[in-house]
Every structure is written in structure tokens, then in C-alpha cells.
Amino acid sequence: MNLNNKAKLRLIVGWILLLLAVGFFCLQLGSFFVQARFQAEYVDDRLFYIINMICVICLAMGILLLLRPRKLWAFIGVGAAAAYLFAQVVLLVHNNQETDNITSISPDWKHVLSIKENMETGESVYYRSYYKNLARPKEPLPFEIDGEVKVDWLADDVAVVTYKAENETIQQYIGTYGDRGTGRSYYYVGAETHGRWQGENVEVINDAEGITVSENGEAETFDWDHIEQFGTLAIVLKRDNHAVWTISLDENFEVHSDASEPMEGTITLYKATMEDNQPITLEYVGEN
């Protein structure tokens, strides 16, 4: 590559880096406006500091490539950029000590589960994501988190958050981001999954009395007063204020407005435990 080509490449890369720096700077300004106007913020607080660091790195490298300053000024510029980056790292660490960000991206990269735990008060708030990287607070989790949190996606639009609460119970919170009907009406997962469902070593019977789960020959019935629905995609079966099972509608499940239409699709059964476990797919085998 001759000198002219090298110079052109340097200019192109330099301008690209400057444009990236301007773009990230505008993104940060936009985030301030959105937060003030719509009470929305980044799905993960750490993004703010990470974007700041990327912006400064692009700006510093772009200036060095385009202006090619003398060694003294280059040294001063690099030193200033390094000091700024160090400050952002310190602020990032401080933010992590104040807020625990629980973030998980769906398998299809279309949805983001976001929960922010205030380390001082112990309150954890579920944030509903908008435009992927922005979110608004929707509701606090009913129990304070005590220890680790496990997140599993049962479908591209169903995320199960399993955690141990301070009262020593196991809890599950479900983030839902889709619909299995027309999207114009609310429906009950329990009513839509009536009948008998079977999977490997597991059977679920849904009738007027509640939902009975049989695993390896042992059966337990959960009446409707102990079944909590999340969105229109999942329910949690509870015993003595403990989460025991989650049932969610798979992506192939179809909700019909006419109850006489045949059942279509499968559902997923997922046990509430902090240990590693796999969701169980259940198929409809008929009425009770």
C-alpha cells in the first residue's frame, strides 16, 4: 500500500471514528431527554458508562488519526482520555454497589428482561423494555431477593426469574412480551389450557378444581386461589407462598375465540428451583 492509500485509509477511519463518537454523544443526550420526558432509562444502568467510554475512545482515536498532533499534544490527549476512562470505571463500580442490574436478552434478541435491585432498600423493580435498550419501571417484585437470581427463557417472549426471597421461600416472576391470540383481548392461561397434558414422566390435569401436576407418580393439586397469572402467557402454581411450578404457552400455541375449536400447540412446565433444570414440553391428550 503506497503513502497516498495509507493517508486515505487513515482519513476514512478517522472520520468514521469521529462520526461514531458524535453518534454515541447524541445517544447519551437523547437518553437524558427520554428519561425526563417519558421516565424511560437504559435497560441496564451500566450501559451509560460503557457508552461514555466508547465515545471517548472513538473521539481520541479519530483526532489522533486526522490531526496527527505532535508527541507532546498526543501524550496530553491520551492522558486526558485515560483519566476520563478511569473516572468512568470508578463511577461504574460505584453504580454496581448501589444497583444490581439483572439483565437477560431473549434467544431471538428481540426482548430484554430488566430487573434493577436497590442494594440499600432491597427493593427490586421490573422494567418493561422499549426499543430494546430503553425501559420504564413497571412494578416491584413482591419479595426481596436474597442471593442469586436464575433467568431462563421458556420461549422467545417468556422469561422466568427464579430467586430465593428473604423469607426463605423460592419465588418466580415471569416477564412476558407477546401474545398467543389476536392481541386485542385479555385471556386466562388456566382457561385456555383446560384438559389433560402429558410429557416425559409428567402429567398435568387442568379442571374446575384447579391444576394437578403428577411427577414420577406423585401428584399435587393447586386450586385457583393459589395460581398467579403473568401477562397472557404464563402462570405460577404456589404452595404456602412458595412458587412450585410455572406453566407457559409455547409459541405454537393458538388461543381461539371459539372454545369449541380443537386445542392447538404445546405448553411448557418448569419447576421452581435454584438448581439447574430443564423445561418440560407437554402435549395435549384430551379432556379429563
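The values are calculated or read from the model by the stated rules, or taken from the named source; none is laboratory data. Computed from a predicted structure; not experimentally measured. Every residue, glycine among them, receives a Cβ derived from its backbone with ideal geometry; neighbour counts consider all protein chains shown.
Quick notes
- Every pair of residues 6+ apart whose Cβ atoms lie under 8 Å, when the first sits in the range 147-165 and is β-branched (V, I, T) while the second is crowded, with 21+ Cβ neighbours inside 10 Å and not in a strand (DSSP E or B): V158/L233; T162/A272
- Number of residues in the range 212-250 that are in a strand (DSSP E or B), more than 27 Å from R184 (Cα to Cα) and not aromatic (F, W, Y) equals 13.
- Restricting the range 141-161 to residues that are over 14 Å from Y173 (Cβ atoms) and buried (at least 21 other Cβ atoms within 10 Å of the Cβ), the residue that is nearest to the chain's Cα centre (by Cα) is D157.
- Considering the range 167-197, the residues that are closer than 18 Å to K271 by Cα and in contact with a Leu (Cβ under 6 Å, 6 or more places away or on another chain) include one that is surrounded by the most Cβ atoms within 10 Å (Cβ to Cβ), namely G175.
- Residues (among the polar types (S, T, N, Q) and at pLDDT below 90) located in the range 138-184: N167, T182
- Among residues of the range 78-90 that are among the hydroxyl-bearing types (S, T, Y), those with a beta-carbon under 7 Å from a residue that is assigned to a helix (DSSP H, G or I) and surrounded by 13 or more Cβ atoms within 10 Å (Cβ to Cβ) at least six positions away or on a different chain give the pairs Y84/V56.
- Flag if Y49 is in contact with a Leu (Cβ under 8 Å, 6 or more places away or on another chain), surrounded by 18 or more Cβ atoms within 10 Å (Cβ to Cβ) and within 25 Å of V161 (Cα to Cα): no
- For the condition closer than 24 Å to V112 by Cβ and either charged (D, E, K, R) or surrounded by 11 or more Cβ atoms within 10 Å (Cβ to Cβ) (or both), F75 does not qualify.
- Test for I105: is it without any contact (Cβ under 8 Å) to a residue 12 or more places away in the chain, of a type in the set (A, V, I, L, M, F, W, C), more than 26 Å from E218 (Cβ to Cβ) and touching a strand residue (DSSP E or B) at 6+ places or on another chain (Cβ under 7 Å): yes
- Residues being surrounded by 12 or more Cβ atoms within 10 Å (Cβ to Cβ) and touching a helix residue (DSSP H, G or I) at 6+ places or on another chain (Cβ under 8 Å) - total across the range 1-15: 5
- Where a residue in the range 220-241 is in contact (Cβ under 8 Å) with a residue 24 or more places away in the chain and its partner, wherever it lies, is acidic (D, E) and buried (at least 17 other Cβ atoms within 10 Å of the Cβ), with Cβ under 7 Å and at least six apart: T232/D179; L233/D157
- Hits in the range 28-46 (condition: touching a Ser or Thr at 6+ places or on another chain (Cβ under 9 Å) and either buried (at least 18 other Cβ atoms within 10 Å of the Cβ) or of a type in the set (S, T, Y) (or both)): A40, E41, Y42, V43, D44, D45
- Condition met for L29 (touching a residue at least 24 places away in the same chain (Cβ under 8 Å) and either closer than 30 Å to D146 by Cβ or not aromatic (F, W, Y) (or both)): no
- When we screen K132, K116 for residues that are surrounded by fewer than 14 Cβ atoms within 10 Å (Cβ to Cβ) and touching a residue at least 60 places away in the same chain (Cβ under 8 Å), the only hit is K132.
- Filtered residues of the range 143-174 (kept if part of a loop (DSSP other than H, G, I, E, B), farther than 19 Å from I247 by Cβ and not polar (S, T, N, Q)): F143, E144, E166, E168
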